[in-house]
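Okay, so here's the structure we're looking at.
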Amino acid sequence: MTNKDSAWVVFVNKAVYRFFAWASATWNRTSSPALSETYIPPLDVIMVWHTYLLNPRAFFEDSRRMSNPYCTNLVAIEEMPLTLISSLIDAETLDPLPPSDERQTFFEQTSKLPYHISLVSDRSDVLTLHCPFCAHPNQLVRWIDDDEKGFAQTKFVHTCEKCRKPITKSKIGIRRFCEEVSRRRTGERVFISETLLNPLTGIVDEATANATVTKLFKYLDATYKVLQPLPAGSNVYVEATKLAEGLNYDYLVLSDALHRGVRPYSAPDRNAPVPRQATTHTTLRKGRFIDDHAGLASLDLVGAVLRQGSFIQKMAELGWTRPGRFDLVKESAPLVRSIARYHAFLDLMSYHPTSFFVPTLDIDLAWHTHQLKSWHYRNDTLRFLRRFPNHDDSVDALQLSKGYDITAKEWKLRFGVPYSVCGCVPDGDSESRLSRFASKISAIGTSSHSRSKSASSSVERNSDASSHAAAAVVNSRPDLVSTEDDEADSSHPSEHNLSFGNPNDSNAKGKGYLREKKSEKCVTSAKKGASRDPWRGLQAERNEKRKKEGHKEAFTDPHYGYGAYYPYWGVSAAVPLG
């Protein structure tokens, strides 16, 4: 392969495949709760592990919803040993250090894969997949193939080497769903994904989960008896095959059946939210209840890693990934401030428990770090916020931009300083229109009635001119905001979870256009009101200055993070892979 973007996607697909092989193996661990160096996988697998933890509810539910080696291992790795892992990476180059013999042997024996990932992909590079129809191990599945039909490509299809049926990721996902249902019928502890946690708090709620599944499966049960226990000695594989064949291995057929269970008197609506009476705001889309990927997670980890790469790129642009960047105490202020701002962000979430808040880059870095200690993150947030916040890594552009505007408004009301001074859209005017109008009337009233109309116009012009002259900014919270130009970008909105859909779609471009227009309007307003709110004056000044320097308004680029190549620590090659 010569295309760098495509090569990165193939690399990430391989890394995810290797993660599942490692995480689903049987580990002979001691009773010690801490992971020793021996158990730490290669850096490409760590990358996937890292991204999985940044989807905290999905990771936690996946680790608890079944009893198998995969779930057991997820519990064992829910606290990423950051200090240990950093000791296994070269501090200057960020490349992985050579592994110990014990570490390499453990990975290779458990995963049955080479420790070192191949950086070159061609048509001879293959993996093994079990056929969802006949369970035959297909050992000649290509990572890349003609017409984009390789496993790491968008149109993957492979003809089973035994039954000759077409294998796709969607069919693999349907098969896995049917096997979970059949295992549940044997009495095994199995909960369908996105049903085990209370949607509002994130707390495990088995009783409600069982009730939810009963409702979801009501229509299916009429035909396939999916709510009835299997007789003793039943073959789970055979029962799963019967169900999958009845559904024609089609996720749309299953989606319609589940919708009919929830809404028996309505035509199936694949965009309607289910389950739990729509409180989760989750649709029956591929990758949740019905998986369209071949892995064991309840989310598409390949897509999640690719999206996370854009955040890593932003950190690199800030210079925060540069070796030694924060070694000196006098240079650590941005990092210390990011932690203080994260604490303030949590305070805001506590004060507004139902709001959707959007972090800035520096806050998101601290938030990510907290999530990498999954057990502590869950317990800390349940203690202080009384809920376990998720960190959705794919949000519609309009929802994300509106959430950011709400965050900025509430932040300034609570802390008295702006949320961001990066050069993006300024804050809204805190003074009401009625109050501004009253001020103008008052100013006019104090003018002499004997002045001519022309003189009055002159006064108004002078008044407008003077309003453009911003008073000096008084920073009452230097722990929460910096006026230094070289720290401006750290308060840029975090966009790695931004989703425009198809970036070439007119609707996607329209969303970006509307955001640009809003920014222009806010800049004009901020300049006029600079004397009343110097912070808004500073934001408007930076907006105009930094646009000339190439600063891009947040939530306006439909191509942001879409299929792009981003180096992720030291795991990607400096040249195209192959």
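Right, VAL425: modelled with pLDDT of 70 or more, open to solvent by less than 50 Å² (accessible area, probe 1.4 Å) and within 25 Å of LEU200 (Cβ to Cβ) or not?
No; evaluated as a whole, the condition is false for this residue.
Within the range 321-350, work out how many residues are aromatic (Phe, Trp, Tyr) and modelled with pLDDT of 95 or more. Write out each step before concluding.
Step one: filter the range 321-350 for residues aromatic (Phe, Trp, Tyr), giving 326, 342, 345.
Still in the list and also modelled with pLDDT of 95 or more: 342, 345.
Number satisfying all stated conditions: 2.
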Across the range 77-97, what is the total count of residues that are of a type in the set (S, T, N, Q) and under 18 Å from HIS376 (Cα atoms)?
1
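Is it the case that the range 288-301 has a residue that's in a helix (DSSP H, G or I), modelled with pLDDT of 90 or more and more than 25 Å from CYS134 (Cα to Cα)?
Yes, the conditions are met somewhere in the range 288-301.
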Only one of these conditions is not met by VAL226: (1) at pLDDT below 95; (2) crowded, with 20+ Cβ neighbours inside 10 Å; (3) among the hydrophobic types (A, V, I, L, M, F, W, C); (4) in a loop (DSSP other than H, G, I, E, B). Which number is it?
(1)
Within the range 304-359, restricting to residues that are under 17 Å from the mean Cα position of the chain (by Cα) and more than 18 Å from GLN371 (Cβ to Cβ), the one that is most open to solvent (accessible area, probe 1.4 Å) is GLN313
Can you find even one residue in the range 512-526 that is open to solvent by 20 Å² or more (accessible area, probe 1.4 Å) and in contact with an Asp or Glu (Cβ under 7 Å, 6 or more places away or on another chain)?
yes
Selected residue (criterion: nearest to the chain's Cα centre (by Cα)) from residues of the range 383-392 that are more than 11 Å from PRO56 (Cβ to Cβ) and either of a type in the set (D, E, K, R) or open to solvent by less than 50 Å² (accessible area, probe 1.4 Å) (or both)
ARG387
Among the residues of the range 229-252, which ones are under 18 Å from PHE217 (Cα atoms) and part of a loop (DSSP other than H, G, I, E, B)?
PRO229, LEU230, LEU247, ASN248, TYR249, ASP250
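Quick one: in the range 158-188, which of the residues that are in a loop (DSSP other than H, G, I, E, B) and in contact with a helix residue (DSSP H, G or I) (Cβ under 9 Å, 6 or more places away or on another chain) is nearest to TYR377 (Cα to Cα)? Explain how you work it out, then say what you get.
Here is the first cut: in the range 158-188, the residues in a loop (DSSP other than H, G, I, E, B) are 160-165, 168, 186-188.
The next check asks that each one be in contact with a helix residue (DSSP H, G or I) (Cβ under 9 Å, 6 or more places away or on another chain); those that pass are 165, 186, 188.
Working: LYS165: 45, THR186: 34, GLU188: 29 Å.
Looking at residues that are in a loop (DSSP other than H, G, I, E, B) and in contact with a helix residue (DSSP H, G or I) (Cβ under 9 Å, 6 or more places away or on another chain), I get GLU188.
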Those residues of the range 94-119 which are β-branched (Val, Ile, Thr) and either more than 20 Å from VAL141 (Cα to Cα) or more than 28 Å from the chain's Cα centre (by Cα) (or both) amount to THR105, THR110
Taking the range 136-160 and keeping only residues that are under 15 Å from ASP122 (Cα atoms), buried (at least 16 other Cβ atoms within 10 Å of the Cβ) and in contact with a strand residue (DSSP E or B) (Cβ under 6 Å, 6 or more places away or on another chain), one is left with VAL141, ARG142, GLY150, PHE151
Would you mind listing the helices (runs of 4 or more DSSP H) fully within the range 1-115 where at least 3 residues are modelled with pLDDT under 95, farther than 27 Å from ARG184 by Cα and of a type in the set (A, V, I, L, M)?
4-23
Take the residues in the range 15-64 that are under 21 Å from the mean Cα position of the chain (by Cα) and open to solvent by 30 Å² or more (accessible area, probe 1.4 Å); name whichever of them is farthest from HIS376 (Cα to Cα).
TYR17
Reported set for the range 253-270 where residues are of a type in the set (Ser, Thr, Tyr) and either assigned to a loop (DSSP other than H, G, I, E, B) or open to solvent by 50 Å² or more (accessible area, probe 1.4 Å) (or both) is TYR265, SER266
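Could you list, in sequence order, the residues of the range 109-122 that are open to solvent by 60 Å² or more (accessible area, probe 1.4 Å) and over 12 Å from TRP27 (Cα atoms)?
Applying the first criterion (open to solvent by 60 Å² or more (accessible area, probe 1.4 Å)) to the range 109-122 yields 109, 112, 114, 116, 119-120, 122.
Selection gives LYS112, PRO114, HIS116, LEU119, VAL120, ASP122.
The values are calculated or read from the model by the stated rules, or taken from the named source; none is laboratory data. Everything quoted here is computed from the prediction, not taken from an experiment. Note that each Cβ is placed from the backbone with ideal geometry, even for glycine, and that neighbours are counted across all protein chains shown. These area figures cover heavy atoms from the full protein model, side chains too; ligands, DNA and RNA do not enter into them. Shrake-Rupley method; radii C 1.70, N 1.55, O 1.52, S 1.80 Å.
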